[in-house]
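Read through the structure below, which is laid out as structure tokens, and then see the notes.
The values are calculated or read from the model by the stated rules, or taken from the named source; none is laboratory data. Bear in mind the structure is a predicted one, so any value in this text is a computation, not a measurement. Here the Cβ is made from the backbone with ideal geometry for all residues, glycine too, and neighbour counts use every protein chain on show.
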Amino acid sequence: MPHTLLKRLWMSLGCLSGLVVAPLGQAVPLGDPIMVNTATAGDQRPIYFSAGSNGEKLLIWFDAAANATYAQRIRSSGIPFLTKHQIQAPPTYASFSVDRAGNFAFASHPGRVMAYDRNGNLLSSFQTTPDSTSTVASMDTDGNITTAYSRSTASDAPRTIAIRRFNTSGIPISPEIIVASDAADKLSGPSSIATDNAGNIALSFATRPGPTVRESNIMMQRFDRAGVALTPALVVSPVRSIYSSGGRIAMEPGGKSVIIWSASPDDNYTWNIYARAYDANLNPTGFTRVNQRIHEGEPGPNSAIAENGDFVVSWTASEGVVGGPQSSTLAARQFRSDGTPITNELRVDPPQPQFGSNPLLAMDPVGNFAVAWTSTSAGTGWDAMVRTFKMDTRPPITQLLNRQPAQGLAGDTDSWSYYRLTVPPGAGQLNIDMTGPVGGGDGDMYVRFGGLPSLTAWDQRPYVNGSNESIGISNPPPGDVYIGIHGRSAYSAVGLTAGYYYP
């Protein structure tokens with residue numbers, strides 16, 4: 001048997017470092033795929049997808065027939081809401097992020113950043129430096145923009161990678177911090193950037209030992225919001241490969257992160273996807289091979305991470321025999337923070353006659369994730385599709401309707417029950433009331449915006465004896481508010497009502 005065939009068989013059987021046999025199971029879909037665009041003829045393709053920490057997701061797609069770019073908000077339940085906004089398209093595609101209020105920013109080549117408010121109004125369009133080229137950007141929770149970019153004035157000049165923060169008007173609010181500098185054939189990027197709630201920065205780029213060396217190293221480094229290095233630049237991948245692509249970082253608000261990349265070990269162009277997870281101090285917590293099938297063709301993976309460190313990866317998955325006829329589907333797979341697979345590969349797109357391509361991924365801190373993709377059909381053209389799922393490791397969450405009570409709630413000592421109300425923009429008041437009978441135990445109410453509350457993470461809690469508690473919040477932020485009832489002692493016959501009011 002030829003050496004190459006033996007190697008492919010060995011790889012197909014999964015005998016590769018980092019591959020772990022997964023349990024059976026699938027992510028829980030929150031509904032069928034939804035077509036987001038309103039036109040069905042011509043080229044309608046998603047180009048950006050991201051989630052803010054308030055539970056909303058924002059999809060940007062391009063309508064080729066109208067030569068227009070649109071932004072559409074999607075709730076954590078997977079339903080599009082509010083009116084789509086036509087926005088000025090960035091000149092080229094690079095990176096995209098959303099802050100807690102729903103403002104968003106693009107970074108594009110060569111070195112331009114465009115910032116918008118949540119209604120799609122352009123706030124600024126600015127160049128990071130006159131000679132900047134590759135640029136990525138991430139919005140902080142306070143709305144400021146952290147950028148990373150490369151600078152090189154000539155083809156034979158050293159390449160420099162730097163970071164700098166700006167406000168949404170494009171005014172610098174920090175000095176330029178040099179991250180790395182080397183010959184242009186030894187340093188590339190930046191590839192990806194992400195920030196947490198504290199403004200700490202995670203940045204990835206690539207290095208190569210020399211111009212005659214084919215292998216490259218994907219690097220990752222962490223900085224505080226002032227640009228002070230918190231860690232040295234670390235080599236992400238323990239797997240040697242000739243070709244690599246990606247180095248995309250996903251970071252949750254508390255600082256846990258995951259970086260993914262795809263790599264080919266030889267000139268046969270068989271590709272695998274890898275993921276490495278880190279805690280908030282950039283200590284590695286897990287490494288895994290993501291895909292279960294070997295791919296011919298770069299799979300273009302994307303990742304997203306929940307607040308507890310569990311993460312999801314989506315990609316274009318080839319089907320068929322390696323070296324033989326190929327077709328493709330869209331796949332996603334869930335992992336725990338230590339890299340242990342939660343499920344096998346999940347097919348995201350529906351079966352033929354539609355064909356999916358170019359998957360994008362977004363997830364809120366609670367673990368509701370969505371995949372957006374381009375759906376191609378001979379009868380309708382190309383459409384922008386979205387399907388929403390819930391991480392299998394997340395606890396059940398009951399959706400509340402505005403001012404409609406949930407009755408007969410009960411729980412044991414130290415138990416948790418979770419509820420969610422989605423607050424629209426412009427609400428002037430949010431009232432949450434829990435009622436229980438005298439002698440019916442003691443359930444304590446904890447409230448948190450954008451994330452599940454706990455005994456140590458909450459925004460509001462009355463913390464009184466018994467199960468009669470009330471909270472009033474003026475001018476609540478738009479998005480998901482989560483209510484947790486903790487059994488300080490066993491409780492029963494409790495009612496819960498949450499309602500928002502307009503001024």
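Looking only at the range 146-187, how many residues end up being among the acidic types (Asp, Glu) and under 26 Å from the mean Cα position of the chain (by Cα)?
Pass one, the range 146-187, residues among the acidic types (Asp, Glu): 156, 176, 182, 185.
Now narrow it down to the ones that are under 26 Å from the mean Cα position of the chain (by Cα): none.
Number satisfying all stated conditions: 0.
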Identify all residues within the range 245-255 that are surrounded by fewer than 24 Cβ atoms within 10 Å (Cβ to Cβ) and not in a strand (DSSP E or B); write none if there are none. PRO253, GLY254, GLY255
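Looking at this structure, is GLY499 part of a strand (DSSP E or B) and surrounded by fewer than 15 Cβ atoms within 10 Å (Cβ to Cβ)? Give the steps one after another, and end with the answer.
Numbers: part of a strand (DSSP E or B): yes; surrounded by fewer than 15 Cβ atoms within 10 Å (Cβ to Cβ): no.
Criteria not met by GLY499.
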In the range 172-230, the residues that are closer than 14 Å to PRO158 by Cβ and of a type in the set (S, T, N, Q): SER181, SER188, THR207
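Let's see how each residue does on (1) in a loop (DSSP other than H, G, I, E, B); (2) farther than 19 Å from THR195 by Cβ:
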{"residue": "VAL113", "(1), (2)": "no, no"}
{"residue": "GLY120", "(1), (2)": "yes, yes"}
{"residue": "SER124", "(1), (2)": "no, no"}
{"residue": "THR129", "(1), (2)": "yes, yes"}
{"residue": "SER134", "(1), (2)": "no, no"}
{"residue": "THR141", "(1), (2)": "yes, no"}
{"residue": "THR147", "(1), (2)": "no, no"}
Under 6 Å between Cβ atoms, which residue pairs at least 6 apart in sequence (or on different chains) link something in the range 298-319 that is under 11 Å from ASN358 (Cα atoms) with a partner that is hydroxyl-bearing (Ser, Thr, Tyr) and part of a strand (DSSP E or B)? PRO299/SER262; PRO299/THR316; GLY300/THR316; PRO301/SER262; ASN302/SER314; THR316/SER328; ALA317/THR329
Conditions (1) of a type in the set (Gly, Ala, Ser); (2) in contact with a strand residue (DSSP E or B) (Cβ under 9 Å, 6 or more places away or on another chain); (3) part of a loop (DSSP other than H, G, I, E, B); number of the one not met by GLY426: (2)
Can you tell me which residue among SER125, SER76 is of a type in the set (Ser, Thr, Tyr) and at pLDDT below 90? SER76
Top-ranked residue of the range 79-97 - restricted to ones that are out of contact with any Ser or Thr (no Cβ under 6 Å at 6 or more places or on another chain) and more than 29 Å from LEU421 (Cβ to Cβ), ranked as modelled with the highest pLDDT: GLN86
Residues of the range 169-193 being crowded, with 19+ Cβ neighbours inside 10 Å and either within 26 Å of ASP117 (Cα to Cα) or charged (D, E, K, R) (or both), which ones? PRO190, SER191, SER192, ILE193
Residue under evaluation ASP433, criteria (1) surrounded by 21 or more Cβ atoms within 10 Å (Cβ to Cβ); (2) in a strand (DSSP E or B), criterion not met: (1)
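The rows are residues; the columns are (1) modelled with pLDDT under 90; (2) in the same structural domain as ASP433 (by TED's automatic domain parsing); (3) part of a loop (DSSP other than H, G, I, E, B).
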residue	(1), (2), (3)
LEU360	no, no, no
ALA372	no, no, no
SER375	yes, no, no
GLY379	yes, no, yes
ASP383	yes, no, no
THR388	no, no, no
ASN402	no, yes, yes
ALA410	no, yes, no
Which of (1) within 29 Å of PRO29 (Cβ to Cβ); (2) modelled with pLDDT under 85; (3) in a loop (DSSP other than H, G, I, E, B); (4) acidic (Asp, Glu) does ASP266 not meet, given it meets every other one? (1)
Given the conditions (1) at pLDDT 90 or above; (2) surrounded by 21 or more Cβ atoms within 10 Å (Cβ to Cβ), which single one is not true for ARG289? (2)
